[in-house]
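**Student:** What follows is a structure written as structure tokens; I'll ask about it next.
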Amino acid sequence: ARLVASIVAKMCRFLFLFIVLVVAIGSQQFFVAGEEYNVVYGYECRQSKCVKVELTAKTIENAISLSVCRLLCGDTKVGTVWPKPTGAVRAGNFIQQVNINQITFVFPKLTKQQPLWEACKERFLQQVKNLTPDISVVKGGGSNFVVAVQLDTEIDELPRLVLDTDESYKLSVTTTPENGTVAKISGKSYFGARHGLETLSQLIVYDDIRREYQLLTDVEIEDAPVYKWRGILLDTSRHFYSVNSIKRTLDALAMVKLNTFHWHITDSQSFPLEIKAHPEFHKLGAYSPNKIYTHENISEIVLYGLIRGIRVIPEFDAPAHVSEGWQHKGMVACANYQPWKKYCGEPPCGQLDPTVEELYPILEDIYREIFELFSPEVFHMGGDEVLSKCWNSSEVIRNWMQLKGWNLEEDDFHRLWGHFQAKALERVDNVANNAKPLIILWTSSLTKEPYIDEYLDNTRYIIQIWTRGTSVEIKPILQRGYRVIISNSDALYFDCGGPSWVGSGNNWCSPYIGWQKVYENNLDNIAGEYKSQVLGGEAAIWSEQIDELTLDYRLWPRSSALAERLWSNPAGGWRDAESRILNHRERLVANGIHAEALQPEWCLQNENECPV
């Protein structure tokens with residue numbers, strides 16, 4: 001019995017030592033100069049590519065983490081910056097430990113802008129902290145770091161992003177024995193300088209080998225966007241999105257320097273917008289009393305966007321795409337008619353009745369509150385999917401037209417549409433104090449010949465194109481001198497792909513659009529010789545089958561691909577950007593954006609080994 005007990009004890013000790021050995025080998029714990037390293041792999045830059053290497057106690061002193069390697073290595077200078085700069089970039093191979101508790105910010109002495117810059121500071125520091133899941137393991141130490149922001153203006157006023165705003169910036173990071181490390185950012189506007197601060201945050205990475213924040217020093221960047229209008233559309237009518245989910249979207253937009261949040265607030269399915277002059281709209285039209293955007297909510301979102309360099313553009317779609325909220329007014333034709341496909345693009349049907357004079361004072365009240373909340377330089381009036389069959393179903397409308405001597409043909413219903421658009425525009429101008437804001441309309445039959453010439457002034461209207469990029473409808477619009485925003489559905493409709501929600505098969509614009517197609521959606525090719533009339537582009541999230549739980553992965557990182565196309569308009573294709581967007585996607589995730597995975601993580605760690 002004693003012998004058996006002795007044998008068992010020896011076997012247990014052996015098994016214990018074996019487990020310890022396996023764990024030690026698996027964890028790869030190294031002790032160099034008394035320092036513990038709990039990592040397995042490092043990276044070497046070979047032929048402009050980060051190559052993974054196994055670490056040993058002998059090689060760890062010279063190891064480079066993946067984040068540091070991506071910062072320094074590659075054909076694209078400063079590989080962690082997304083979108084890539086358009087101007088001159090000079091970058092050395094010097095990195096330096098940064099203590100985020102010792103960063104000093106020097107902002108322009110413009111009183112009205114101070115709250116914005118303080119918010120930028122807090123956001124900058126939080127973005128750096130987010131680079132590691134556990135900030136308690138980050139080592140102290142590192143040099144003092146001064147971030148100095150300069151503006152080429154002394155006008156003390158709240159900034160406003162308009163079409164001629166200069167969003168360029170210059171950034172330099174230098175280190176000297178006398179001054180330590182200093183980052184200087186200059187811009188001609190708040191928006192440009194803010195973009196420079198965003199770029200600076202991408203020059204800081206977390207080194208998970210040494211557990212330090214590292215900053216790329218000895219760098220100079222000049223940068224400016226190619227396109228003025230860079231955005232996404234979010235439809236909050238088909239599904240309601242919380243204020244927090246909208247703010248999260250604005251955070252991500254700012255990370256990639258997208259500057260426009262196009263808010264499609266209402267549609268036929270719901271009316272979630274608070275209208276104080278007519279509370280029956282949101283009381284009858286919202287999905288529930290807690291699914292309403294109050295004036296306070298909207299003001300909060302507009303300010304949140306401003307801090308992040310984003311204009312919030314409201315869209316009030318009319319005369320089609322109306323139903324819920326308009327009950328009991330007698331101002332909507334074909335309201336919830338069936339079979340719906342005969343009268344509208346999707347259920348429930350409804351189009352405003354242009355013949356009702358009492359309609360226009362109500363529209364003016366709605367426009368007034370929208371303009372008070374958003375102060376838009378550009379206002380989106382919708383104008384999408386107006387069907388003559390809807391209006392023709394109304395005896396009141398038919399009688400009104402015939403009393404005027406009109407017929408009931410397509411030309412006549414377009415004349416009715418033009419009548420509505422002119423009267424609605426008068427009401428917009430009333431609330432805008434006759435400032436005559438620019439108006440955006442979707443491509444439709446009204447933007448085709450001959451109606452576009454009869455009813456739409458090319459000095460007043462911007463046309464948002466949602467047809468396919470190869471559509472023959474685009475060139476005649478450009479030939480007439482209209483400025484355009486491109487949202488071609490074959491590349492920028494991010495709701496495409498998935499089952500139909502009104503029948504069998506897939507939804508109307510399937511298949512799913514990959515980030516590669518978004519990245520290579522060159523607006524110059526769409527506009528051809530008229531490319532100077534392209535203000536920019538937008539990706540669209542139509543929310544029939546998307547809500548806030550699925551929003552992030554539908555938007556990101558495809559919107560990042562759009563951001564680089566609109567900011568940089570790169571000459572190269574998606575293969576040149578593949579390793580960078582994988583790395584950028586990790587930064588999105590670190591900042592709380594549930595971005596879609598593009599490839600197995602192995603591909604992130606083994607650069608360019610996956611594409612065929």
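The values are calculated or read from the model by the stated rules, or taken from the named source; none is laboratory data. Being a predicted model, the structure only gives us computed values, none of them experimental. Here Cβ is always computed from backbone atoms with ideal geometry, including for glycine, and neighbour counts include all displayed protein chains. We work out accessible area using only protein heavy atoms, side chains counted, and drop any ligands, DNA or RNA first. Shrake-Rupley method; radii C 1.70, N 1.55, O 1.52, S 1.80 Å.
**Student:** How large is ³J(HN,Hα) for each residue in segment 465-470, as worked out from phi by the Karplus curve 6.51 cos²θ - 1.76 cosθ + 1.60 (θ = phi - 60°), to whole Hz, x for Gly and Pro?
**Tutor:** So the J values, rounded to whole Hz, are 8, 10, 5, 5, x, 9.
**Student:** Another question, then. With the cut-off at 12 Å, report for segment 453-505 the share of all Cα pairs above it, as a whole percent.
**Tutor:** Roughly 70 percent, rounded to a whole number.
**Student:** If packing is taken as the mean number of other Cβ atoms within 10 Å per residue, what is the order of 269-281, 87-99, highest first?
**Tutor:** My ranking of the peptides, most packed first, is 269-281, 87-99.
**Student:** Using the Karplus equation 6.51 cos²θ - 1.76 cosθ + 1.60 (θ = phi - 60°), what ³J(HN,Hα) coupling, rounded to whole Hz, does each residue of segment 162-170 give in order, writing x for Gly and Pro?
**Tutor:** Taking θ as phi minus 60°, the curve returns 10, 5, 9, 5, 8, 9, 6, 8, 10 Hz for segment 162-170.
**Student:** Just subtract the alpha-carbon distance of Leu125 and Lys517 from 0.36 nm times their residue separation and send over the number in nm, one decimal. It would help to have the intermediate numbers written out before the result.
**Tutor:** Details: separation 392, 0.36 × 392 = 141.12 nm, distance 3.40 nm.
Answer, rounded to one decimal: 137.7 nm.
**Student:** Could you give the spread of the C-alpha atoms of segment 449-542 along their three principal axes, from largest to smallest, in whole angstroms?
**Tutor:** Ordered largest first, segment 449-542 gives principal extents of 42, 28, 20 Å.
**Student:** Give me the accessible area of Tyr227, 1.4 Å probe, in Å² rounded to the nearest 10.
**Tutor:** 10
**Student:** Next up: Compare Asp524, Asp207, Asp166 by solvent-accessible area with a 1.4 Å probe and give them largest first, with all protein chains kept in place. Kindly include the intermediate steps, with their values, before the conclusion.
**Tutor:** Values: Asp524 40, Asp207 5, Asp166 60 Å².
The residues order as Asp166, Asp524, Asp207, largest area first.
**Student:** How far is helix 2-27 tilted, in degrees, relative to the longest principal axis of the Cα atoms in the chain, given as a value from 0 to 90 rounded to the nearest 10?
**Tutor:** 50
**Student:** Which order do you get for Arg210, Arg230, Arg368 if you rank them by accessible area with a 1.4 Å probe, largest at the top?
**Tutor:** Heavy-atom accessible area, descending, gives Arg368, Arg210, Arg230.
**Student:** Same structure, new question: For segment 41-223, place one equal point scatterer on every Cα, skip the solvent, and apply the Debye formula. What is log10 of I(q)/I(0) at q = 0.10 Å⁻¹?
**Tutor:** -0.42
**Student:** Hey, what angle do you get for helix 410-431 against the long axis of the chain, alpha-carbon based, 0 to 90 degrees rounded to 10?
**Tutor:** 70
**Student:** Would you grab the residues whose amide H sits under 5 Å from the one on Tyr41? Only those 5+ places off in sequence or on another chain, please, with H modelled 1.01 Å from N.
**Tutor:** So Tyr41 has HN proximity to Leu55.
**Student:** So with the 1.4 Å probe, I'd like the accessible area per residue for the chain, rounded to whole Å².
**Tutor:** 43
**Student:** With a/c under 1.5 counting as rounded, go ahead and sort segment 158-252 into rounded, prolate or oblate using the C-alpha gyration tensor (a ≥ b ≥ c being the square roots of the eigenvalues; past the cut-off, prolate if a/b is larger than b/c, else oblate).
**Tutor:** Oblate, because a/c is 1.5 or more while a/b does not exceed b/c.
**Student:** How many angstrom lie between the Cα centre of segment 553-572 and the Cα centre of segment 177-246?
**Tutor:** 15
**Student:** Now a separate question. Ranked highest first by average number of other Cβ atoms within 10 Å, how do 485-494, 134-143 line up?
**Tutor:** Most protected by this proxy first, the peptides run 485-494, 134-143.
**Student:** While we're on this one: Along Cα→Cβ, 7 Å out, is where each label goes; now give me the distance between the ones at Lys247 and Trp340 in nm to one decimal.
**Tutor:** 3.3
**Student:** To continue, here is another question. Output ³J(HN,Hα) for segment 120-133: one whole-Hz value per residue in order, computed from phi by the Karplus curve 6.51 cos²θ - 1.76 cosθ + 1.60 with θ = phi - 60°, and x for Gly and Pro.
**Tutor:** The phi angles translate into 4, 4, 4, 5, 4, 5, 5, 4, 5, 4, 5, 5, 10, x Hz.
**Student:** Follow-up question, since we're still on this one. Please identify every one of the GluC sites (Glu not before Pro) in segment 406-456 that sits in a loop by DSSP and has no more than 15 other beta carbons within 10 Å of its own beta carbon.
**Tutor:** Details: sites: Glu409, Glu410, Glu426, Glu454; in loops: Glu409.
Loop-located and lightly packed - Glu409.
**Student:** Could you order the peptides 499-505, 428-434 from most to least packed, using the average number of other C-beta atoms within 10 Å per residue? Don't skip to the answer; put the middle values down first.
**Tutor:** Working: 499-505: 10.0, 428-434: 14.9.
Going from most to least packed, we get 428-434, 499-505.
**Student:** Kindly express, to the nearest 10 degrees and within the range 0 to 90, the angle between helix 295-307's C-alpha long axis and the longest C-alpha principal axis of the chain.
**Tutor:** Result, in degrees: 50.
**Student:** Charges only on Cβ, +1 for Lys and Arg, -1 for Asp and Glu: so what's the dipole of segment 129-241 about the Cα centre, in debye to the nearest 20?
**Tutor:** Computed about the Cα centre, the dipole is about 400 debye.
**Student:** Measure off, as a whole percent, the carbon and sulfur share of the 1.4 Å-probe accessible area of the chain, all protein chains present.
**Tutor:** Answer for the chain is 51 percent, counting heavy atoms of protein chains only.
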